[in-house]
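See structure below.
A short reminder: the numbers here are calculations on the coordinates, not readings from a lab. Keep in mind the model is a prediction, meaning the values are calculated, not measured. With ideal geometry, Cβ positions are generated from the backbone for all residues, glycine too; neighbour counts draw on all protein chains shown.
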Amino acid sequence: MKTAISIQDSLLPFLPLLYIAWADDVLEEHEISYIKEQFEKNETIQPEVKESIYKWLNPDIPPSARELAYWKSYIKDHADLLDPAAKMDLFTLGKKLAKNPDSEEWINDQTKESLTHIENYLGVASHEAIRSVYETNPLPLKESFNLNKPSNDYSLPLKTLLQHNNADLKARVQNILDPHKEAIESYDDDLITRKEKVFKWTKELADAGLGKLAYPSAYGGSDSMVQYAAVFEELAKYDLSLTIKFGVHFGLFGGSVESLGTKYHHDKYLKDIGTMSLPGCFAMTEMHHGSNVKALQTTAIYQPESNSFIINTPSQHDRKTYIGNAAMHAQMATVFAQLIVDGEEHGIHAFLVPIRNKQGDAMPGITIGDNGHKMGLNGVDNGTLHFNSVRIPKENLLNKFGDIDEDGQYFSPIISPSRRFFTMLGTLVGGRLCVPMAGNTASKKALNMAVYFALNRKQFGPPGEPEQSIMDYPTHQKKLMPLIANAYAYDFAHNHLLREYTSDANHDAQEMEALAAGLKALSTWNTTATIQTCREACGGKGYLSEMYFDLLKADSDIFTTFEGDNTVLLQLTAKSRLTYFRKQFGKMDWWDTLKYISSIASTNLSELNPLITRDTSEDHLLDDDFLLSAFSYREEYSLRSLAMRLSKKIKNGMDSYEAFLQVQVHLIDMASAYIDRIVLERFIATIDEQENKSVKEILTSLKNLYALHRIEENKGWYLEHDYISGSKSLAINKLVQKLCKELKEESQHLVDAFDIPKHMTETALKFY
């Protein structure tokens, strides 16, 4: 009686086909149909064998890079090829892999014919492709990895969740950039060549209609900031120079025209900006004034006799600097300058100033410089701009919030100069939403590399036994697992804020700006820390450029500075929270004040009593009520004590500016606590929205790790304020370690959901 062939064994003769098909490129639907058609014609192959093959031809569940590496390793270790130089087709190699004698019946000439047809159709030279198996000497993957091990049932839904309904759009980006992967990852370019390449790729994205997605449909866009942000985020998987170049032109320059201009400007410029027929830049920052936008010294003096403005740079200290797109490509700049009408200053306004002609020559009165080589982002042409009495027409004032009438008088729909200034800057908050999203994508890419490396890298082990994966070491788990939890936490917070910002809901603009500023700060700091930790987690391998850490570190480091220095942004967030606090007290009568004081006393009784501060049970520590209460208590206590400090200093006669300087560190701590609480709330809300039970479970574990690890990082504060006892702090430490160990088992699936392009992941699996 013939022995039944197991599914795994039955797959072996076709393993070379599957490896070459997927390793060569993504299989298209028509290719999959053709392969199935060839096997359907082959009557000698058993139905269960065909089903096994078809399972690995599902485009919705392609093999991961780790599975491909396992296949490659298996082929090398079991093919028994004494002469790697010998040419061998898929059929011959497949026969060598299938050592089961019962398989000879269906590994026959008909099978060979089917495989030959498939080879010819796919255009693969199988003997050359298989030879590549022997060009490296990879270490075997972790023994527990099984060829037919199914993906966890949360894997695909989790990937879908992280795409936030933009899967098709992200796939379009990958289809455009994948053919350029060798050029993108080249290290041989000089500065000029690199900048020209990035400009060319940006133009290619524009030609595909991806740059103008946020613009109104009347100008070729989709009225969707959400879609624009999805493209921006996806670009960060490939090249952060391209990401920033894309953002400077379409987001900052185009966004300023759309948000600060009126219909005249939209009609005249937006279509050309959307197609990159009019490359532009965003000239705000000056050499000596940095984040202090109100103090910019560039002037725009109105000339009533000619209905024009004179744009002028008073000194070299006041020239615009670090301006992306300025050094080589921009033809027009949005210039922020002090508007002066009839000798009276009206604050910062934005003006469109031509800086180059179509031939690339600087316009009269414009001096353009190059900032030169940078730590990173050298595909972006950052430059300086100096204006020597440059005349522009009155129409070039972006006049949505301030204009000059026919009598030469300034007017604005917003009377308060301060409110007008912050309203103008508030319309550009989109950049503070997109930059941390790109930074978080860089974190995901780093984590993807570090996790795959850790799962495959083996060293040390019990005496006399095989070496073990470094991912099995608790220290390694503690390095990586909380950072994976952070990546998910910030992803959900970014997505929520983006959708809130772009919704039609009536939001408090100041609160939205403060939240965007604070989230940008904490998220980009997390990016910097994550990439560094992942580099270290990969040892010497992580120092090689093929692992991407060098570019990720260098290119993302500036994220903590541009779109607002993080420390400055957190002060903005803190001041907004203080304003909120003051408004709340301003509305209180004596009864409200009494209730507020009572609520503080109630909190002290309920959360600071010895039973709670010493409760070390796992159920308590993993309860959302405890986690949210801990985060909220730190935020509210910090806010309350900060307000009291400031009030006391000012009442004692200290100047308010000096008072703020003296509590600057407390401002940062309070703002950070506020953002932590918001991120946790969004994590919990995202979990509540999920219907898939497995997704809920894995996200809950990640949420618990995010929250407890943040408490662990701030345990000094909690211990100082008697919110937790020493024994509770130790229990939290142990639980964090336990969660890290549990999530280690899911680490591959968790980073696979980040959807990092396969060719990038494969670099983590190379061993020499």
message: Using amide H atoms built in the peptide plane, which far-off residues or other-chain residues are under 5 Å from Ala333 H to H?
response: Cys281, Val353, Ile355
Distance (nanometres) between label positions extended 7 Å along Cα→Cβ at Gln532 and Gln662: 3.2 nm
query: How high is the FRET efficiency between Gln303 and Asp361 when r is their beta carbon distance and R₀ equals 30 Å, given to the nearest 0.05?
result: 0.75
query: Taking square-rooted eigenvalues a ≥ b ≥ c of the alpha carbon gyration tensor, is the range 301-448 rounded, prolate or oblate, where a/c under 1.5 means rounded and, failing that, a/b exceeding b/c means prolate?
result: oblate
- prompt: Stretched out fully, how many nm does the piece from Asn108 to Glu689 gain, at 0.36 nm a residue minus the Cα gap?
  reply: 203.9 nm
- request: Please give the contour-minus-distance gain from Ser503 to Lys41: 0.36 nm per residue of separation, less the Cα-Cα distance, rounded to one decimal in nm.
  value: 160.9 nm
task: Measure off 7 Å from each Cα along the Cα-to-Cβ vector at Ala183 and Glu196, then give the distance between these two points in nanometres to one decimal.
output: 1.1 nm
- prompt: Roughly how many debye, to the nearest 20, is the charge dipole of the range 154-263 about its Cα centre, given +1 on each Lys and Arg Cβ, -1 on each Asp and Glu Cβ, and no other charges?
  reply: 260 debye
- prompt: Could you give the length gained on full extension between Gln174 and Lys55, defined as 0.36 nm per residue of separation minus the Cα-Cα distance, in nm?
  reply: 40.4 nm
- prompt: Using modelled backbone amide H atoms (1.01 Å from N, in-plane), which distant-in-sequence or interchain residues come within less than 5 Å of Thr298's amide H?
  reply: Gln338
message: Quick check on packing: order 545-552, 188-195 by the mean number of other C-beta atoms within 10 Å, highest mean leading.
response: 545-552, 188-195
field: Percent breakdown of C-alpha pair distances by 5 Å bin, ordered from the shortest bin, for the range 477-538
entry: 4, 16, 24, 19, 14, 10, 8, 4, 2, 0
query: What are the residues whose amide H is under 5 Å from the amide H of Tyr215, where those residues sit 5 or more places off or on another chain and H is modelled from the backbone?
result: Ser222, Asp223, Ser224
- request: Just add up the charged neighbours of Glu689: K/R +1, D/E -1, any other residue whose Cβ is under 15 Å from the Cβ of Glu689.
  value: -2
